[in-house]
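Contents: one structure, followed by commentary.
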Amino acid sequence: MRGVVFLGERELELREFPDPAPGPGEVVIEMKASGMCGSDLHAYRAPRSGGGAGAALGLGGAGGAVIAGHEPCGVIVARGAGVSEAEAPLGARVMNHHYKGCGLCAHCRVGWSQLCRGGITVYGVTGHGGHANYLKAPARTMVPLPDALSFEEGAAISCGTGTAYAALHRMNLSGEHTLAVFGQGPVGLSATLLAAAMGARVIALDIGPERRALATSLGAETVLDPRAADPVEALRELTHGEGVDLALDCSAAPEARAAAVKSVRTWGTACFVGEGGEVKLEVSPDLLRRQVTLIGSWTFSSVGQMACANYIAARGLPLAKLITERWTLDQAAEAYRLFDRQASGKGVFTL
Ligand SMILES: [Zn+2]
Ligand SMILES: [Zn+2]
C-alpha cells in the first residue's frame, strides 16, 4: 500500500509500505476517507531534524517514517486472533478513535485512552495513520459510523469536529449562551455549526473572508474580522458591554487566546483547544478579578466520539458543508500546500 509521510519543512512523500496484517486483538480497516487537521501542520512545518510529528506535538516518538493522518474512517476488512464478529463485523463502517493506551487503566476503561499513563500510540503521529490505503489498530479503538453519515463526515468527527463537540460540553454550553469562536478552521467551523444547532448565539471570528462566509453558512449569527477592529471591544459591543458567556479559541494564535479570555463576561468561561504555542495573560485583571474559568480541552473520548456522530446524524446537521477540498493521495503535496495557507475549510483524502 501507499502512505503519506511528512518529511518536515513543508515537504512530504508518498511511500510504499507493506499491507498491514492484524495481530491479536487488532483489525485492519480499508480507508475510505482521511481528514486533514490543523495539528498536522505542526508536523508538516517541523524542522527536518526535529524528531518527526510526535516531537512537534510534544507526544514523544523517535521520528522515523510514520504515515500521517489522524482522522481515519473506513471499512473493516480483516480481524486478528481473539476479535469476534460481533466486536468487528467485516464490512462495518467505522471511525478510528486515534489513540491506543494500555486498555486497562481507569482512563482507558472510560474511553479516554489518550490520557493513559502507560504510554500511548497516536495514529497518524507516533503510529501509522490514515493517509494510506489501510490502517491497523486494536478493535477497541473502532467507533461505529452511523449510516446517515458519509465517510468524509466520519473523518471530520475523528478529530476536528469531535474536538469542538467535546469542548462545548466541557464549557456546559446551552441555548441561553452567547459563544465567541476564535478561528474558523475545521475545529472552529465545527464549533460554530454545533453550538448554533444547540441553540446558542454564535459570534465567529477569523481573519479570512472565505472562512467567515463558511461560518455564516454554518449558523454564525455574526462574523468578525479580528484585524478590522479590536475583537474584545467588538464582542463587548455585541453583548451590552458585558462580554460573551463563553469563548473558545480554535486558532492557537497567542493574541486570539488572550482575546478569548478577555472577551468573556464576569463568571464567564474560556476554553483552548488549539495545539502548541503560548499565551500571555495578566492573571489578576484577566482571570481573578472577573471570576473567569479557563479550560484546556484535548480532543475527546471514544464514547464522546460516538455521541458526536450520533448527535450530528440524528439532527441531520450539514457537516458536509465544512469540507471544501477533496483529494487523492497522489495530490497530497498540493493538498497540504493549500491547507498550510489556512484560508479555506476542511480538506479530506478520499480513497
Ligand atoms: Zn491505560
Ligand atoms: Zn487533530
**Prompt:** Once amide H atoms are placed 1.01 Å from N in the peptide plane, what residues at a sequence separation of 5 or more from Val83, or on another chain, have their amide H within under 5 Å of its amide H?
**Reply:** Gly25
**Prompt:** Where the centroid of each part is defined by its Cα atoms, how far is region 204-279 from region 124-168 in Å?
**Reply:** 27 Å
**Helix 302-315 axis, angle to the chain major axis (alpha carbon atoms, nearest 10°)** = 70 degrees
**Request:** Quick one: grab the alpha carbon gyration tensor of region 252-346, order the square roots of its eigenvalues as a ≥ b ≥ c, and give me rounded if a/c is under 1.5, else prolate or oblate depending on whether a/b is larger than b/c.
**Result:** oblate
**Fill in**
Net charge (Lys, Arg +1; Asp, Glu -1) of residues whose beta-carbon lies under 12 Å from that of Cys102, Cys102 excluded, is +4
**Request:** May I ask for the angle, rounded to the nearest 10°, between helix 160-170 and the longest principal axis of the chain, with both axes built from Cα atoms and the value confined to 0 to 90°?
**Result:** 50 degrees
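With every protein chain kept in the model, how would you rank Glu233, Glu278, Glu152 by accessible area, 1.4 Å probe, largest at the top?
On the way: Glu233 90, Glu278 140, Glu152 35 Å².
Greatest to least solvent exposure: Glu278, Glu233, Glu152.
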**Message:** Give me the extension gain from Glu210 to Ser84: residue separation times 0.36 nm, minus the current Cα-Cα distance, reported in nm with one decimal.
**Reply:** 40.7 nm
**Prompt:** So how do Lys346, Lys321 rank on accessible area, 1.4 Å probe, biggest first, that is with the largest at the start?
**Reply:** Lys321, Lys346
**Message:** Just to be sure I understand the model, the point goes 7 Å from the Cα along the line to the Cβ. What's the resulting Val77 to Asn172 distance in nm?
**Reply:** 4.7 nm
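Taking 30 Å as the cut-off for C-alpha to C-alpha distance, list the pairs among Lys136/Lys346; Lys100/Lys262; Lys100/Lys346 that go past it. Intermediate values should be presented prior to the final figure.
Values: Lys136/Lys346 25 Å; Lys100/Lys262 37 Å; Lys100/Lys346 25 Å.
Over 30 Å Cα-Cα: Lys100/Lys262.
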**Asked** What's the angle, to the nearest 10 degrees (0 to 90), between helix 186-197's Cα axis and the longest principal axis of the chain?
**Response** 60 degrees
**Fill in**
With all protein chains in place and a 1.4 Å probe, Phe182 shows an accessible area in Å² (nearest 10) of 10 Å²
**Message:** With every protein chain left in place and a probe of 1.4 Å, what is the accessible surface of Tyr99, to the nearest 10 Å²?
**Reply:** 10 Å²
**Fill in**
Expressed in square angstrom to the nearest 10, the accessible area of Val83 with a 1.4 Å probe stands at 20 Å²
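Computing the accessible area with a 1.4 Å probe over protein heavy atoms, can you report the carbon and sulfur percentage for the chain? Intermediate results must be reported in sequence, preceding the final value.
Working: 7350 of 14310 Å².
About 51 percent, which is the carbon plus sulfur part of the accessible surface.
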**Complete:** Residue separation between Thr350 and Glu9 times 0.36 nm, minus their alpha-carbon distance, gives in nm 120.3 nm
**Request:** Whole number in Å², please: accessible area per residue of the chain, 1.4 Å probe, ligands, DNA and RNA not counted.
**Result:** 41 Å²
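Determine the gain in length on full extension of the stretch Arg290-Arg2; use 0.36 nm per residue of separation and subtract their C-alpha separation, reporting nm with one decimal.
Working: separation 288, 0.36 × 288 = 103.68 nm, distance 5.30 nm.
Gain on extension, Arg290 to Arg2, equals 98.4 nm.
The values are calculated or read from the model by the stated rules, or taken from the named source; none is laboratory data. Since the model is a prediction, treat every value here as computed from it, not as a measurement. Positions of Cβ are generated from backbone atoms using ideal geometry, with glycine treated the same way; all protein chains shown enter the neighbour counts. We work out accessible area using only protein heavy atoms, side chains counted, and drop any ligands, DNA or RNA first. Shrake-Rupley method; radii C 1.70, N 1.55, O 1.52, S 1.80 Å.
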